[in-house]
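First the structure, which I've put down as structure tokens, then a few questions once you've had a look.
The values are calculated or read from the model by the stated rules, or taken from the named source; none is laboratory data. Since we're looking at a predicted model, the values are computed, not measured. FYI the Cβ positions are ideal-geometry reconstructions off the backbone, even for glycines, and counts take in every protein chain you see.
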Amino acid sequence: MKLNIAVLPGDGIGPEVTAQAVKVLKAIAMEFNHIFTFKKGLVGACAIDKTGNPLPEETIDICKKADAVLFGAIGDTKYDNDPNAKIRPEQGLLGIRQELGLYTNIRPIIAYEDLLNKSSLKVKQIKDTNILIYRELTGGIYFGKRYLSEDGNTASDTCEYNRFEIERIAHLAFKAAQSRKRKLTLVDKANVLESSRLWRRVVQDIAPQYPNVKLDYMYIDNAAMELIIRPRQFDVILTENMFGDILSEEASVIVGSIGLLASASIGDKYAMFEPIHGAYTKAANKGIANPIASILSVAMLLDHFGLYDEAALVREGVDKSLKLHITTPDLNNKYDNISTTKVGDFIEDFIQNPEETNLN
Ligand code: IPM
């Protein structure tokens with residue numbers, strides 16, 4: 001298969017982890033006789049530094065001409081502490097999501113057997129957790145009307161959804177549930193928010209089309225607690241943009257490190273794959289960033305194009321690296337010198353030689 005992949009490494013640890021993901025893709029292309037080509041684009045703080053724009057036109061163009069986008073991370077602490085900054089790195093990521101119409105963000109939360117003791121939660125609590133979060137990505141409060149009064153003392157952000165926006169992601173979430181444990185939990189705040197009540201109505205309306213899926217509902221505050229106390233009760237979680245952002249980051253506690261969580265952002269025409277972690281500026285260029293989330297995003301990319309054996313091999317490589325403790329310091333591995341590159345090299349070797357790869 002020929003795939004033209006746009007690579008947007010972004011900021012902070014983004015370039016380091018993305019380099020490992022590209023390495024893995026190249027190894028897969030070699031082993032399975034695919035032709036993957038890569039074209040880099042600027043996004044985020046580095047794009048602001050070079051062009052004044054967090055999402056240059058050229059980057060949008062590269063993404064639109066590609067079959068898929070591989071995204072690194074975005075953000076810089078210098079903007080975090082400046083509430084008056086008009087141009088921010090995050091506008092780059094939000095802009096791509098909007099430009100490419102990536103309305104569904106899929107975030108798998110899997111408690112790996114070999115990492116159960118890395119979580120700060122009890123092993124018996126998290127064992128066998130396997131959740132798919134379907135987060136709406138191009139609507140809600142992230143993209144609603146904003147207001148700041150002239151005196152700067154009053155501000156608002158609007159959370160707005162329409163039926164169509166809810167329906168299209170809800171269908172995908174129901175279908176995902178059908179291929180799993182057939183349970184879908186809609187997380188909202190329908191006891192307070194009108195927009196949440198719309199989510200419930202729309203999801204209830206389409207539920208009869210999926211009679212074999214058990215639909216239930218949970219308020220976001222309760223879900224935040226249940227996710228930690230009884231994560232195994234969840235199969236597919238469907239939720240709006242901001243709730244999904246918060247819940248998925250919380251879920252990283254189950255897995256042991258946010259450096260393990262991958263995601264796919266899908267629209268009708270384009271698809272982008274990215275780790276859920278941010279730029280983690282203070283860890284940049286130290287070789288300590290965990291590349292697994294980016295590498296697992298590659299597995300999601302391969303799945304997206306029906307390259308299931310290829311994706312499975314990448315996941316096997318990841319599993320083996322975790323089993324052998326070939327992990328970066330966020331997972332407190334028993335070796336203290338395993339760098340970002342070393343993890344990538346190990347998975348690359350595994351792809352080239354699955355039978356024989358060990359730590360050397
Ligand atoms: C994420 C991130 C982004 C979001 C930021 C960087 C804009 O936290 O992908 O989860 O809030 O969506």
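Can we say Gly75 is of a type in the set (Gly, Ala, Ser) and more than 24 Å from Ser263 (Cα to Cα)?
For Gly75, the condition - of a type in the set (Gly, Ala, Ser) and more than 24 Å from Ser263 (Cα to Cα) - is not met.
What do you reckon, is Lys183 assigned by TED's automatic domain parsing to the domain that holds Asp128, closer than 15 Å to Tyr134 by Cα, basic (Lys, Arg) and in contact (Cβ under 8 Å) with a residue 24 or more places away in the chain?
yes
Another one. Determine which member of the set Arg168, Arg163, Arg135 is at negative phi, within 16 Å of the ligand (Cβ to nearest atom) and either surrounded by 14 or more Cβ atoms within 10 Å (Cβ to Cβ) or in contact (Cβ under 8 Å) with a residue 12 or more places away in the chain (or both).
Arg135
Just to be sure I understand the filter: pairs with C-beta atoms under 7 Å, separated by 6 or more residues or on different chains, first member in segment 81-98 and assigned by TED's automatic domain parsing to the domain that holds Phe71 and free of Cβ contacts under 8 Å to residues at least 24 places away in the same chain, second member more than 9 Å from the ligand (Cβ to nearest atom) and outside any loop (DSSP other than H, G, I, E, B). Which pairs pass?
Close Cβ pairs (under 7 Å, with a partner that is more than 9 Å from the ligand (Cβ to nearest atom) and outside any loop (DSSP other than H, G, I, E, B)) amount to Ala85/Tyr79.
For segment 228-258, what are the residues that are under 17 Å from Tyr280 (Cβ atoms) and away from the ligand (no atom under 12 Å from the Cβ)?
The answer is Val253, Val255, Gly256, Ser257.
Here's another thing I want to ask about it. With the requirement that a residue be within 16 Å of the ligand (Cβ to nearest atom) and touching a strand residue (DSSP E or B) at 6+ places or on another chain (Cβ under 8 Å), what does segment 138-160 give you?
The answer is Ile141, Gly144, Arg146, Asp157.
Quick one: what pairs do we get from segment 259-279, first residue more than 13 Å from Ile109 (Cα to Cα) and within 11 Å of the ligand (Cβ to nearest atom), second in a strand (DSSP E or B) and of a type in the set (Phe, Trp, Tyr), C-beta under 9 Å, 6+ apart or different chains?
Ser265/Phe71; Ser265/Phe273; Met272/Phe71; Glu274/Phe71
Let me ask something additional. Kindly indicate which of Asp151, Asp82 is out of contact with any Phe, Trp or Tyr (no Cβ under 8 Å at 6 or more places or on another chain), of a type in the set (Asp, Glu) and over 30 Å from Lys282 (Cα atoms).
Result of the check over Asp151, Asp82: Asp151.
Would you check if Leu215 is in contact with a Ser or Thr (Cβ under 7 Å, 6 or more places away or on another chain) and either within 16 Å of the ligand (Cβ to nearest atom) or more than 24 Å from Ala312 (Cβ to Cβ) (or both)?
No.
Given the criteria within 30 Å of Lys124 (Cα to Cα) and either acidic (Asp, Glu) or in the same structural domain as Leu93 (by TED's automatic domain parsing) (or both), does Asp205 qualify?
Considered against the rule, which asks whether it is within 30 Å of Lys124 (Cα to Cα) and either acidic (Asp, Glu) or in the same structural domain as Leu93 (by TED's automatic domain parsing) (or both), Asp205 comes out as no.
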